Amino acid sequence: MMVVERIREVRQRVREARTQGRRIGFVPTMGALHAGHVSLIRAARADGGFVVVSIFVNPAQFDDGRDLEAYPRPLEDDLEVCTREGVDLVFAPKREEMCPDGPKTTVRVPGMSETMCGAFRPGHFDGVCTVVAKLFAIVQPDVAYFGEKDAQQLAIVRRMAADLNLPVEVRGCPLIRDTDGLATSSRNVYLSDQDRRRALALSRALLEARDAVVGGERDAGKLADAVRRQLADAEGVETEYVAVVDPDTLDDLECVAENVLVAAAVRVGTTRLIDNVLLRDLGERGGGG
Ligand code: PAF
C-alpha cells in the first residue's frame, strides 16, 4: 500500500493505475476509521478498481475550533485498517498541501446546505463541498463511495457533482450499525458508557419510524412527531431536529410516496450524533393509510 502526502504524487500513481487499465475507486475520509468506512472500502474493492482512501481532517467543515482540535487522528491505526482492507493508495495530506495560502474559492450548494444539519452548523456543507471538489480534482475517481449515514452530505455532494458535470459516480453505501443499534461514527468514541446507553434512544426512535412506514404510515407529520416524542422522553438526549424529507432533494415531505429519509440529530452530553432511516421505492411495495 502506498501512503502519500503530495498531490503531485497522487496524480502520478493514479495515472499509472489508469495506464494499467484500472478504474479508480475513491473513499474520502477524515480518518478515525470505523466499520462504516470499512464497508465503503470493501464496496470499492468489490468493484475491482484501484482503491484510493484520503485521510484529511478538513478544517473548513468545522464551525467550532475546539471540535476541530479534539477530532480523533489515529493515523497509525487508520493505516493498519487500510493495509488490512487491501487499499492501494492512501492520500494523507498535511493542511498546507490542501490549502497552502488559506481558502479563497468556496463551492456551495445553496438551500440543501442550510436545512437539517446545515441549520445548526452554518458553513459546514460549504466546507464539505469545497474539499470534496478539490479531492475529486486531485484523485479524479470514476466512483466515489459515501455512507448513507451522512445522508444530507451524500445528497449535497451528488447535487454538486451533477451541477458541475464532474465525471464521477457518487455512490451511496448503507449505514452500518453496531450490535446495540448505534450508527457507527468517529464521534462515538467520545461517549461514556452511560451516554452510549442514552444515545440508543436515537436509533430506537428512527427504527420505529422505519417500521411504521413499512407498516403503511404515510403521514410525514405523524412520523416526525412520534420520533420527536420518543427523543423528548429519553433522559439526557437533547433533540436538534427531526426531518422527514425527500432523500434526493431534501425537501420536506407532507406525505410519504416513493422515497423517504427520516433523519435526526441529537446531543448526548457534549457529543452531537446524527442518524437516519432511508426507504426507497415504496410505491412498488404497496402500503397506504
Ligand atoms: O464524511 C466525511 O468524513 C467528510 O465530510 C468528507 C466527505 C471526508 C469531507 O471532508
Q. In percent, what relative contact order does the range 65-156 have, based on Cα pairs under 8 Å that are 6 or more apart in sequence?
A. 23 percent
Q. Regarding the chain, what whole-number volume in Å³ per residue does the convex hull of its Cα atoms give?
A. 133 Å³
Q: Order by neighbour count: C82, C255, C99, C173, fewest other Cβ atoms within 10 Å first, most last.
A: C255, C99, C173, C82
Q) What is the range 3-47 by shape, rounded, prolate or oblate, if you read a ≥ b ≥ c off the alpha carbon gyration tensor as root eigenvalues and call it rounded for a/c under 1.5, prolate for a/b larger than b/c, and oblate otherwise? A) oblate
Q: Please express the shape of the range 1-93 as an equivalent ellipsoid: the semi-axes are the square roots of 5 times the eigenvalues of the C-alpha gyration tensor, given largest first in whole angstrom.
A: 24, 15, 11
Q: Enter the Cα centre distance for the pair the range 231-279 and the range 110-184, rounded to the nearest angstrom.
A: 17 Å
Q) When the distances between all Cα atoms of the range 118-164 are binned every 10 Å from zero, what whole-number percent does each bin get? A) 24, 60, 15, 1
Q) For the chain, with only Lys/Arg (+1) and Asp/Glu (-1) charged at the beta-carbon, what is the dipole magnitude about the Cα centre, in debye rounded to 20? A) 820 debye
Q: Over all alpha-carbon pairs of the range 124-224, lay out the pair-distance distribution in 10 Å bins, whole %, shortest bin first.
A: 13, 33, 30, 22, 3
Q: Grab the DSSP H runs of the chain that are 4 residues or longer, score each as -39,500 (n - 2.57), total them, divide by all residues and round the 222 nm result to the nearest 500 deg cm²/dmol.
A: -12500 deg cm²/dmol
Q) How do T19, T29, T249 line up, fewest other C-beta atoms within 10 Å first? A) T19, T249, T29
**Q.** the chain: most fluctuating residue of A220, A151, A234 per GNM, C-alpha cutoff 10 Å
**A.** A234
Q. Which loop-located trypsin sites (Lys or Arg not before Pro) does the range 10-78 contain, where loop means any DSSP state but H, G, I, E or B and the Cβ has at most 16 other Cβ atoms within 10 Å?
A. R22, R23
Q.
Of the candidates P28, P103, P59, which one comes out as most mobile in a Gaussian network treatment of the chain with C-alpha springs shorter than 10 Å?
A. P103
Q: Could you grab the relative contact order for the chain? Cα pairs under 8 Å, six or more apart, rounded to a whole percent.
A: 16 percent
Q: Take R267, R95 and order them by how many other Cβ atoms sit within 10 Å, fewest up front.
A: R95, R267
**Q.** Selected from A205, A44, A137 as most flexible by GNM, with the chain as the system and alpha-carbon contacts under 10 Å
**A.** A137
Q: Please work out how much length the chain gains when fully extended from E96 to D178, using 0.36 nm per residue of separation minus the C-alpha to C-alpha distance, in nm with one decimal.
A: 26.0 nm
Q | Antiparallel content of DSSP bridges confined to the chain, in %, to 5 | A | 50 percent
Q. Amide H to amide H under 5 Å from V3: which residues, 5+ apart in sequence or cross-chain, H placed 1.01 Å off N in plane?
A. V90
Q | Cα pair count fraction exceeding 22 Å, expressed as % - the range 61-186 | A | 45 percent
(Q) To check my understanding: the extent here is largest minus smallest coordinate of the Cα atoms along each principal axis. What are those three numbers for the range 42-98, in Å, largest first? (A) 38, 20, 19
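Every number here is computed from the coordinates shown, using simple stated rules; none is lab data. Since this is a predicted model, take the numbers as computed values, not measurements. Because the Cβ atoms are built from the backbone with ideal geometry, glycine has one as well, and the counts that use them run over all protein chains shown.
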